[in-house]
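The values are calculated or read from the model by the stated rules, or taken from the named source; none is laboratory data. These numbers were taken from a predicted model, which means no experiment stands behind them. All Cβ positions, even for glycine, are placed from backbone atoms using ideal geometry, and neighbour counts span all protein chains on display. Just so you know, the surface numbers come from the protein's heavy atoms only, side chains and all, with ligands and any DNA or RNA stripped out. Shrake-Rupley method; radii C 1.70, N 1.55, O 1.52, S 1.80 Å.
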Protein chains: 2
Amino acid sequence: MAKEKKVEQITDMEVDFAQWYTDICRKAELVEYSSVKGFTILRPYGYAIWENMQKIMDGMFKETGHENVAMPVLIPESLLKKEGELVKGFAPEVAWVTHGGNEKLEERLAFRPTSETMFSDFWANTLQTYRELPMLYNQWCSVIRWEKTTRPFLRSREFWWQEGHTIHETAEEAQNETMQQLRCYADFFENVLAIPVVPGRKTDKEKFAGAEATYTVECMMKDRKALQGATSHYFGDKFSRAYGITFTGRDNKLQHPYQTSWGSTTRMIGAVIMTHGDNNGLVLPPKIAPIQIIVLPIAQHKPGVLEGAAALEERLKKAGFRVKTDKSDNSMGWKCAQYEMKGVPLRVECGPRDLENGQCILVRRTDGEKITVKLEDVEAEAAKQLALVQQQMYDKAKKNLEENIYPAYSLEEAKQLQKEHGGFIKTMWCGDEACEIKMKEEAGMSSRCMPLTQEHLGDVCPICGKPAKTMIYWGVAY
Amino acid sequence: MAKEKKVEQITDMEVDFAQWYTDICRKAELVEYSSVKGFTILRPYGYAIWENMQKIMDGMFKETGHENVAMPVLIPESLLKKEGELVKGFAPEVAWVTHGGNEKLEERLAFRPTSETMFSDFWANTLQTYRELPMLYNQWCSVIRWEKTTRPFLRSREFWWQEGHTIHETAEEAQNETMQQLRCYADFFENVLAIPVVPGRKTDKEKFAGAEATYTVECMMKDRKALQGATSHYFGDKFSRAYGITFTGRDNKLQHPYQTSWGSTTRMIGAVIMTHGDNNGLVLPPKIAPIQIIVLPIAQHKPGVLEGAAALEERLKKAGFRVKTDKSDNSMGWKCAQYEMKGVPLRVECGPRDLENGQCILVRRTDGEKITVKLEDVEAEAAKQLALVQQQMYDKAKKNLEENIYPAYSLEEAKQLQKEHGGFIKTMWCGDEACEIKMKEEAGMSSRCMPLTQEHLGDVCPICGKPAKTMIYWGVAY
């Protein structure tokens with residue numbers, strides 16, 4: 001009965017993928033719409049996922065010497081405008097503060113859309129010598145971009161993110177930083193979120209406003225659409241020239257430093273939902289699941305059951321798992337459906353007979369497989385099963401990615417493949433924006449990236465017939 | 001020589017306490033002024049202190065069942081205005097967003113000065129039954145209040161904080177929550193920040209706009225001025241009536257829930273500086289110090305010294321301490337002064353002779369005391385010394401607090417005591433705001449709080465002579 005109730009609540013993804021996605025966001029209590037148009041609320045369960053992501057990623061950043069800071073959230077318009085390309089890219093989406101208290105401000109202030117300008121200004125005011133370099137900074141905060149249409153996690157006027165900003169003595173060091181952070185994101189996506197990625201470079205058309213080069217990790221969702229996972233930018237000395245950042249070099253002369261920035265956002269929660277979710281709801285990678293194990297006592301009114309469940313929870317907690325017990329008077333069917341909906345990776349069932357026999361049953365969220373385990377082995381078995389679930393999720397997503405990359409040798413073929421299969425279409429490319437625009441207009445696909453791992457599919461660009469410079473991935477993107 | 005350089009850099013607190021404070025904020029690299037008037041930058045060392053505070057406090061909140069969420073940063077003006085007192089209190093300090101991208105907004109949006117309105121709106125939209133209560137929420141974010149004059153940490157237009165917001169079935173539960181969170185703050189100040197506090201209730205004049213009751217932990221700085229450490233508010237059903245929050249109660253009737261909120265800010269860093277700092281710089285409580293132990297190799301060019309220092313660092317790191325080694329070619333004198341300035345609680349010196357003898361020297365930041373310790377005992381001794389430093393700091397601050405509370409039995413005496421000694425002046429009070437205003441006008445003191453631990457100093461209010469209702473603390477406050 002509870003199962004039926006649940007099926008009523010979530011739209012099947014095969015019926016309406018967009019509705020399925022929204023249903024999960026709401027019914028799993030990840031987000032709520034607010035009274036401010038285009039702004040969402042991260043509810044406790046959604047925020048706990050974000051916290052777990054933050055904790056792991058922050059540790060990775062610190063491992064490689066990055067430090068957290070906090071920059072002002074408001075940026076004077078004149079400061080924002082110093083670098084021409086950045087402001088062109090972001091100005092249409094900026095929220096402007098024009099009044100402080102009862103006074104009209106002399107200059108309006110932008111709510112940060114991104115903070116290259118603030119970091120550059122800080123360095124222009126403080127940096128003195130090469131001895132202080134590199135400076136490897138990061139901040140966790142929210143930003144505003146005034147989007148027209150919004151969707152939970154994927155596109156909202158305010159979102160939460162980290163933005164890394166670094167400054168270096170040489171171009172080479174800055175380039176290495178850009179690639180190191182790209183690898184860091186790829187590692188995080190694959191090994192923490194269980195989402196396989198295609199790392200590559202963005203075209204000039206798709207790169208970050210003001211960057212010399214933008215690198216990305218591209219993911220494929222269950223509907224075979226592309227999602228840009230996170231990006232890492234190399235700026236050269238563009239910002240340091242625009243903002244007048246200098247330092248005294250080893251040669252005792254004034255020089256311009258080289259910069260990078262890199263960011264990832266709450267959008268990653270959207271990627272997790274659309275990579276792993278199913279028609280029963282969310283499926284969370286164990287490494288970021290707020291509840292890794294839910295303990296459900298069966299026939300809990302019977303003597304000893306609640307005590308047995310409590311002892312189990314205690315043991316699992318002590319072993320370091322994030323575990324909860326549901327002792328509410330809801331039916332077992334409802335509880336099973338509820339925690340499936342919430343994507344809890346492992347369920348532990350323990351009834352009077354199980355406990356009498358000194359055992360309990362583990363159930364995997366991924367495939368419903370049941371494993372009977374002796375109570376004294378429960379910690380070891382839970383660890384094993386959670387690792388297995390993490391692996392299963394990655395493998396399944398990897399299969400989806402690999403099975404949905406198609407080579408195309410003509411624009412017509414690319415168009416046809418996209419229409420029939422979706423996914424990523426890979427072709428050679430001459431490097432001209434005209435061909436990129438043509439692909440968008442005729443096949444509805446944007447360029448996703450020029451993968452770091454290149455293949456030779458031919459010598460010419462299938463769009464214009466001119467000599468090809470690179471292999472490139474195309475797709476319909478979120 | 002390095003010592004002299006350092007003394008030049010920081011103003012003595014006896015000469016100019018305000019300048020001493022600003023010097024520490026800047027020279028210890030906690031903050032930097034930004035190009036946005038009234039906004040400061042938290043630099044890595046300052047932010048790392050805040051992160052350590054956050055981690056411990058967040059753990060305390062979660063221990064008692066609180067969950068983190070994220071509410072939108074912008075609040076529509078109409079929503080902000082629903083509760084009359086709150087908006088009266090905050091409207092003069094609000095930063096207003098009037099444009100999103102190129103369009104003028106139909107209704108202007110306030111940058112959150114505090115989020116009671118957003119939480120209330122959320123609950124008005126989602127709360128249904130008593131079964132969902134209580135909801136115990138918290139968020140970590142920044143807020144803006146458009147202050148005229150600003151000082152690092154103490155008063156700035158943007159500051160970082162946590163704001164807890166909870167909603168309860170009964171008034172009693174909400175009152176208990178208010179007091180529980182007050183105790184949590186007192187615990188955090190005393191046992192983590194090593195700052196003794198006077199917990200008490202604010203007068204109606206000093207309470208939070210919109211609160212039925214505000215409780216505070218009041219601290220005393222080294223210049224014997226008062227600083228409000230953190231506050232916890234009880235709202236009754238004021239907000240739930242203003243925002244139309246209802247739930248179906250146990251009696252199946254619609255009821256209004258009861259609410260609380262409680263907050264603490266980066267101002268606590270200011271409190272730490274002014275409670276523990278000295279003329280050599282910052283003194284940090286070990287529990288929140290970004291670097292707990294600095295290892296300084298002596299005569300580090302001599303064979304074996306750097307290896308010995310590295311081995312020491314490794315051992316201390318493994319034991320869980322936050323430890324760093326300074327292997328730079330700066331002089332030993334400069335290094336000692338530098339890490340004193342930065343408030344590192346414990347210094348480890350190891351030279352060739354020490355290492356040969358299988359020992360090193362620990363030096364306490366608090367009193368410069370040197371302890372020779374065998375290398376194999378270094379972890380245990382470091383733990384002992386850090387605990388001792390934490391205790392020394394608390395004891396010293398406690399002494400400063402206790403020795404600077406004076407009873408007064410007339411307005412004249414209160415005035416005189418404040419002039420001569422500063423500190424807290426305690427008197428009886430009739431409860432009339434007129435007397436509070438008179439104390440402010442004549443003695444320059446605001447009411448700090450009506451302490452939870454009351455004393456009987458007499459039967460009448462020394463200001464008006466009418467019957468006294470309570471004992472109250474007065475002081476000159478930051």
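Assorted remarks:
- Think of the stretch A:175-244 as having a plus end and a minus end, set by charges on the Cβ of Lys, Arg, Asp and Glu; of A:THR203, A:ASN176, A:THR214, A:THR203 sits farthest toward the positive end of this dipole.
- Partner chain coverage, peptide B:45-54 - average Cβ within 10 angstrom: 2
- Full extension of the chain between A:ALA18 and A:LYS398 gives 134.6 nm of extra length, using 0.36 nm per residue less the Cα-Cα distance.
- Computed [θ] at 222 nm, deg cm²/dmol, chain B (DSSP H ≥ 4; -39,500 (n - 2.57); rounded to nearest 500): -11000 deg cm²/dmol
- Note on B:ASP432/A:MET60: beta-carbon distance plugged into 1/(1 + (r/R0)^6) with R0 of 41 Å gives a FRET efficiency of 0.10.
- Each Lys and Arg adds +1 at its Cβ and each Asp and Glu adds -1 at its Cβ; summed about the Cα centre, the protein assembly as shown shows a dipole of about 280 debye.
- The stretch B:359-478 shape via C-alpha gyration tensor axes, a/c threshold 1.5: prolate
- For the stretch A:359-459, chymotrypsin sites (Phe, Trp or Tyr not before Pro) are listed when DSSP marks them as loop and at most 15 other Cβ atoms sit within 10 Å of their Cβ; the list is A:TYR409.
- Aspartates and glutamates with Cα under 18 Å of A:LYS202, excluding same-chain neighbours fewer than 8 positions away: A:GLU85, A:GLU177, A:GLU212, A:GLU218, A:ASP432, A:GLU433, A:GLU436, A:GLU455
- Pairwise burial B:A, computed as accessible area of each alone minus the pair, summed, 1.4 Å, Å²: 4000
- Each other copy places its own label point for A:GLN180 at 4.5 nm from this one, sorted shortest first, where the point lies 7 Å along the Cα-to-beta carbon line.
- Rounded to whole numbers, the Karplus 3J(HN,Hα) couplings from phi for the stretch B:366-373 are 5, 9, x, 4, 9, 10, 7, 9 Hz, using 6.51 cos²θ - 1.76 cosθ + 1.60 with θ = phi - 60°, and x at Gly and Pro.
- Taking 17 Å as the straight-line reach from the Cα of A:LYS222, the lysines in range (excluding those fewer than 8 positions away in the same chain) are A:LYS396, A:LYS398, A:LYS399, A:LYS419.
- For the stretch A:193-199, putting each phi into the Karplus relation 6.51 cos²θ - 1.76 cosθ + 1.60 with θ = phi - 60° gives couplings of 7, 6, 10, x, 10, 10, x Hz, in residue order, rounded to whole numbers and with x for Gly and Pro.
- Around B:LEU80: net Lys/Arg minus Asp/Glu count, Cβ-Cβ under 13 Å: -2
- B:LYS419 paired with A:LEU452, simple spin-label distance in nm, labels 7 Å along Cα-to-beta-carbon: 7.3
- Selected from B:ILE437, B:TRP161, B:VAL97, residue furthest toward positive end of dipole (chain B; charges at beta carbon): B:VAL97
- Cα gyration tensor shape for chain B, rounded if a/c is under 1.5, else prolate or oblate: prolate
- Using Cβ point charges alone (K and R +1, D and E -1), the dipole size of the stretch B:392-445 about the Cα centre works out to roughly 260 debye.
- When the C-alpha to C-alpha distance is required to be over 27 Å, the pairs from B:LYS148/B:LYS438; A:LYS327/A:LYS370; A:LYS37/A:LYS426; A:LYS88/B:LYS37 that qualify are A:LYS37/A:LYS426.
- Highest average packing first - A:441-447, A:224-230, Cβ atoms within 10 Å: A:224-230, A:441-447
- Put simply, when B:257-266, B:454-463 are sorted by average Cβ atoms within 10 angstrom per residue, most first, you get B:257-266, B:454-463.
- Nm distances between copies for B:LYS419, ranked from closest, using label points 7 Å along Cα→Cβ: 9.4
- Taking the stretch B:306-366 and dividing mean pair separation by its residue count, relative contact order in percent (alpha carbons under 8 Å, at least six apart): 27
- Measuring against 30 Å, Cα to Cα, the residue pairs A:LYS55/A:LYS225; A:LYS317/A:LYS342; A:LYS374/B:LYS317; A:LYS55/B:LYS225 contain A:LYS374/B:LYS317; A:LYS55/B:LYS225 as the ones spanning a longer distance.
- Annotation for the stretch A:245-274: trypsin sites (Lys or Arg not before Pro) lying in DSSP loop with at most 13 further Cβ atoms inside 10 Å of their Cβ are A:ARG250, A:LYS253.
- Treating r as the C-beta distance of A:ASN102 and A:VAL460 and R0 as 51 Å, the FRET efficiency rounds to 0.20.
- Free-standing Cys residues across chain A, given no other cysteine C-beta under 4.7 angstrom: A:CYS25, A:CYS141, A:CYS184, A:CYS219, A:CYS336, A:CYS435, A:CYS449, A:CYS464
- Summary of the geometry: the stretch A:13-51 and the stretch B:325-368, compared by the centres of their Cα atoms, lie 52 Å apart.
- Nm distances between copies for A:ALA299, ranked from closest, using label points 7 Å along Cα→Cβ: 7.9
- Loop sites in the stretch A:1-91: GluC sites (Glu not before Pro), DSSP, at most 16 other Cβ within 10 Å: A:GLU14, A:GLU29
- The mean count of C-beta atoms from other chains within 10 Å of the C-beta of residues in B:401-412, rounded to a whole number, is 0.
- Summed over the residues of the protein assembly as shown and divided among them, the accessible surface reaches 40 Å² per residue at a probe radius of 1.4 Å.
- Efficiency of FRET between A:THR149 and B:ASN252 - r from beta-carbon atoms, R0 45 angstrom, step 0.05: 0.60
- Rounded Å value of the spacing that divides the Cα centres of the stretch B:127-201 and the stretch B:53-105: 13
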